[in-house]
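J.: One structure, pasted below without further comment.
We did not get these values from a lab; they are worked out from the coordinates using the rules stated. Keep in mind that what you see is a predicted model, and the values were worked out from it rather than measured. FYI the Cβ positions are ideal-geometry reconstructions off the backbone, even for glycines, and counts take in every protein chain you see.
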């Protein structure tokens, strides 16, 4: 059995490197691997017998309950639950038996499946957070992710909407509801969940103040709207055929949900010929616009509801031309 395992390792190894290096070099490297393995007995690890049992499930549910207490959003909790449960089913081990090699094996499998490095790093972070919680609760002695290095990835530049794209989107609106959603997102920096969660009583139209009562992490904050947003919001509220505490409703007279907003924006983008129209891009456009007009980055952070300043800085896009103009304005 050990001999068969060695043969499988050697054949797999040679198949994996044959396209990377010259065949003669591959033969030499393979011969050296055979020589090294001759001193070892190798047993193939079995991953078929252990099941994702009730103890593991209950532990994961306890962890999710702690995330709720910590104020994490439903989406964040769902992502953590999905990542950890997939890992457990793939690795076929109990939580207490997981080591750093299992983490690396899982990440390698995900990599081979075509998962991007950015997603892999998010997966590593989520697994590490879970196992660190287990350490803190004395369920395990050591976080198996502690020796797994961070995965490097190239950060994509996420561009805000240009003024031309915004004009095109405005022109593509067919009713006051679409325009009100567009203008609110552009002028307030709200998240899509905060927009759909708005009650009529949360908005002070006289002072154009928006009270966000259930932001990310269930935190409250204040933001504002533009004069244009106020005009179209008032028009929509006067025209809508439903009475209710929520601001936005769908065609079935039910409160508009996140998916409904995304669909509206996607449709607007298709009409306007603008690509990548989604709620989060409006937040980036808001942050970049405020920064370019001179608003202090700390104030932008407050309006966006960010905890860390670094997160806000990632939202602000400054192209090279704008940086050059700013440099010329401030150079002595």
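J.: Name the shape class, rounded, prolate or oblate, that the alpha-carbon gyration tensor gives for region 126-220, where a ≥ b ≥ c are the square roots of its eigenvalues, rounded holds for a/c under 1.5, and otherwise prolate holds if a/b is larger than b/c and oblate otherwise.
T.: Numbers: a/c = 4.42, a/b = 1.86, b/c = 2.37.
Oblate.
J.: Return the whole-Å distance between the Cα centroid of region 101-176 and the Cα centroid of region 229-301.
T.: So the separation of the two Cα centres works out to 26 Å.
J.: Another question, then. Run the simple label-point estimate for residue 90 and residue 239 please: 7 Å along Cα→C-beta, distance reported in nm.
T.: 4.8 nm
J.: Now a separate question. Can you give the extra length, in nm with one decimal, that the chain gains between residue 270 and residue 253 once fully stretched, where that is 0.36 nm per residue apart less the Cα-Cα distance? Present the calculation step by step, with values, prior to reporting the outcome.
T.: Details: separation 17, 0.36 × 17 = 6.12 nm, distance 2.49 nm.
The span from residue 270 to residue 253 would gain 3.6 nm if fully extended.
J.: Fewest Cβ neighbours within 10 Å first, please rank 105, 133 accordingly.
T.: In order of increasing Cβ crowding within 10 Å: 105, 133.
J.: If we sort 162-169, 121-128 on the protection proxy, mean other Cβ atoms within 10 Å, highest first, what's the order? Each step should come with its number before you reach the end.
T.: Values: 162-169: 15.2, 121-128: 18.4.
Descending packing order for the listed peptides: 121-128, 162-169.
J.: Right, next: Under the classification rounded if a/c is under 1.5, otherwise prolate if a/b is larger than b/c and oblate if not, where does region 54-136 fall, given a ≥ b ≥ c as square roots of the Cα gyration tensor eigenvalues?
T.: Oblate.
J.: Ok, one more. Extension gain residue 298-residue 119, at 0.36 nm per residue separation less the Cα-Cα distance, in nm? All intermediate terms of the calculation are to be shown ahead of the outcome.
T.: On the way: separation 179, 0.36 × 179 = 64.44 nm, distance 2.89 nm.
Between residue 298 and residue 119, full extension yields an extra 61.6 nm.
J.: With 10 angstrom as the radius, rank 77, 222 by how many other C-beta atoms surround their C-beta, starting from the fewest.
T.: Placing the least packed residue first, the sequence is 222, 77.
J.: Exposure proxy check: 134, 295 ranked by fewest other beta carbons within 10 Å?
T.: 295, 134
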